[in-house]
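These notes concern the structure reproduced below.
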Amino acid sequence: MTQDTLLQDLLKRFDYATERSSADHPAINVPADKYVETCRVLRDELHFDLLTDSTGIDWGQEASPRFSVVAQLFSTRDKLYLRIVTECEGDEEPVAPSLAGLYGIANWMERETYDMLGIRFSGHPDMRRILMWDSYPYHPLRKEFPLAGIEVELPAADVAQATGAKVIPAPMAGGPFFSPQCGEMSDREPRAADQSWNEKKEKPSES
């Protein structure tokens, strides 16, 4: 199996799979109920033994299904890449099968996808947020989430550790981001074009 023959070989082997347009590596779509089974065969029989990434896509509120999940696989034996996409069930509370039972690294990847996009993974051993705090009410990579962020009160237990801040925008507000191309290294950190979230605010009274 080579990069040139990989796609056709897979379409013959998995008759439920369809080709997916891709500008770089071979890519296939599979039904959600075949997602784990397909990845298991790819790992155990076709030597795609490395999950390099697992993430989600929000196609927008007008689309249905609205969300998809993507697995990026790599064969360390054959040096081949493959992308697998499956659609999530549910548009407001999307669900997809977990690959954590096949690839241990999927555990954290799927938690990040849940945290940022709100896609839950059935069969995941620890389905909770990994970046934002547990009570955070939003999923920041959804299409409707504003680039400038939304100010949210910190949980009471964290306020004391937040250097006096009562609210924070989450995630970092602004965008697009840019880096000055000259000057001191300390001045070339990426910054948001919109810095309104970082404006000084009146300090609360100490009474």
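Rule-based calculations on the coordinates, nothing more; no lab input. What you see is a predicted model; the values in this text were computed from it and never measured. Reconstructed Cβ throughout: ideal geometry from the backbone, glycine too, with neighbour counts over all protein chains shown.
Of note:
- Spin-label model, TYR16/ARG77: points 7 Å from Cα along the beta carbon direction are separated by 2.4 nm.
- Full extension of the segment from ASP24 to ILE105, taken as 0.36 nm per residue of separation minus the current Cα-Cα distance, would add 26.8 nm.
- The dipole here belongs to region 1-130: it is taken about the Cα centre, uses +1 on the Cβ of Lys and Arg and -1 on the Cβ of Asp and Glu, and is about 320 debye.
- Net length gained if the chain between ASP33 and SER135 were fully extended (0.36 nm per residue, minus Cα distance): 33.6 nm
- A straight chain from ASP44 to GLU153 at 0.36 nm per residue would run longer than the Cα-Cα distance by 34.6 nm.
- Mean separation of Cα contacts under 8 Å, 6 or more apart, over the residue count of region 6-122: relative contact order %: 23
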